[in-house]
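Engineer: Let me give you the structure first, and then I'll get to my questions.
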Amino acid sequence: MSIFLSGLAWLFDGSHAGLVGRRILEHLVFTVAIVAVATAIALPVGLAIGHFKRGAVAVPLVTSGARALPTLGLLTLVGLWLGIGLAAPFLALLVLAIPPMLAGGYAGVGATRPATLDAARAIGLSGWQVLTQVELPAAVPLIVEGLRSTTLQVVATATLAAYTADVGLGRFLFIGLKTRDYSQMIAGAILVVLLAIILDVLLVLAGRAAGRHLIRPSKEDA
């Protein structure tokens, strides 16, 4: 308990305010960049697999394989390949961020009821219209869950970016460990947890807002 309180004291020490703000911004930008690229790559692929029902066998293989990868080991290998800098942690974390987003897109589209799809095709909707007007709105909850999972995983493991680069909240952990400044380590851990909670809450609220926006037109039409 005393270590936790000392971490809070370090965190609220005014002399650290500028550094703390900069590290939070670095960590947030790094996390958002990885999640954005992972979403741009994995979401269209997941939607396509769910829509066309082809390649579905690969989804659980990719997701389970990614979970089995040791993050630090992967980062070390990529770091040896690319050297010091942000490229290594970015690529390593991107590899780990893609599977949850891929699974979310695939599961969301695949969860659409067959009767709903049959009715959409019966009224003459094209394949693209079925995807964008029927499957995608129904997939939003699971897509948001995939985005939440991806974001939480990245924001936590982004601390490892400090392993090869002077970036993010992980610097507090590495410097604190190196200098035995455990108050700084605890402060860094607290900041990572708080950032993860805030991002998770924002994504939950965004998912609910998107769900209400997609459902409202159908109620008005009825």
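The values are calculated or read from the model by the stated rules, or taken from the named source; none is laboratory data. Keep in mind the model is a prediction, meaning the values are calculated, not measured. Quick reminder, even Gly has a Cβ in these numbers, built from the backbone with ideal geometry, and neighbours come from all protein chains shown. Ligands, DNA and RNA are excluded from the accessible area calculation, which covers all protein heavy atoms including side chains. Shrake-Rupley method; radii C 1.70, N 1.55, O 1.52, S 1.80 Å.
Engineer: Could you give each residue of region 31-36 its phi-based ³J(HN,Hα) in whole Hz, using Karplus coefficients 6.51, -1.76, 1.60 with θ = phi - 60°, and x for Gly or Pro?
Structural biologist: 5, 4, 4, 5, 5, 5
Engineer: Tell me, what is the 1.4 Å probe accessible area of ASP118, in Å² to the nearest 10?
Structural biologist: 90
Engineer: For region 6-81, just say rounded, prolate or oblate: build the C-alpha gyration tensor, square-root its eigenvalues into a ≥ b ≥ c, call rounded for a/c under 1.5, and beyond that prolate if a/b exceeds b/c, oblate if not.
Structural biologist: The shape class here is prolate.
Engineer: Compute the normalised compactness of the chain: alpha-carbon radius of gyration over 2.2 N^0.38 Å, N being the residue count.
Structural biologist: 1.22
Engineer: When the Karplus curve 6.51 cos²θ - 1.76 cosθ + 1.60 is applied with θ = phi - 60°, which whole-Hz ³J(HN,Hα) does each residue of region 186-200 get, with x for Gly and Pro?
Structural biologist: Along region 186-200, the couplings run 5, 4, x, 5, 4, 5, 5, 4, 5, 5, 5, 5, 4, 5, 5 Hz.
Engineer: Jot down the per residue volume, in cubic angstrom and as a whole number, of the convex hull over the alpha-carbon atoms of region 105-222.
Structural biologist: 110
Engineer: What ranking, highest mean first, results for peptides 193-202, 70-79, 94-103 when packing means the other Cβ atoms within 10 Å averaged over each residue?
Structural biologist: Top of the packing list down: 94-103, 70-79, 193-202.
Engineer: Pop out the carbon and sulfur fraction of the accessible area of the chain as a percent, whole number, probe 1.4 Å.
Structural biologist: 71
Engineer: Continuing with this model, one more query. Given just the C-alpha atoms of region 15-141, how large is their convex hull per residue in cubic angstrom?
Structural biologist: That works out to 131 Å³ per residue.
Engineer: How much length is gained if the chain between ASP13 and ALA111 is pulled fully straight, taking 0.36 nm per residue apart and subtracting their Cα-Cα distance, in nm to one decimal? Intermediate results must be reported in sequence, preceding the final value.
Structural biologist: Details: separation 98, 0.36 × 98 = 35.28 nm, distance 4.99 nm.
My answer for the length gained is 30.3 nm.
Engineer: With n ≥ 4 as the cut-off for DSSP H runs, can you work out [θ] at 222 nm for the chain, using -39500 (n - 2.57) per run divided by the number of residues, rounded to the nearest 500?
Structural biologist: Roughly -27000 deg cm²/dmol at 222 nm, from the helical runs in the chain.
Engineer: Rolling a 1.4 angstrom probe over the protein heavy atoms, how many square angstrom per residue are accessible across region 27-66?
Structural biologist: Each residue of region 27-66 exposes 49 Å² on average to a 1.4 Å probe.
Engineer: Okay, moving on. How big is the accessible area of TRP10 in square angstrom, nearest 10, if you roll a 1.4 angstrom probe over the protein chains?
Structural biologist: 30
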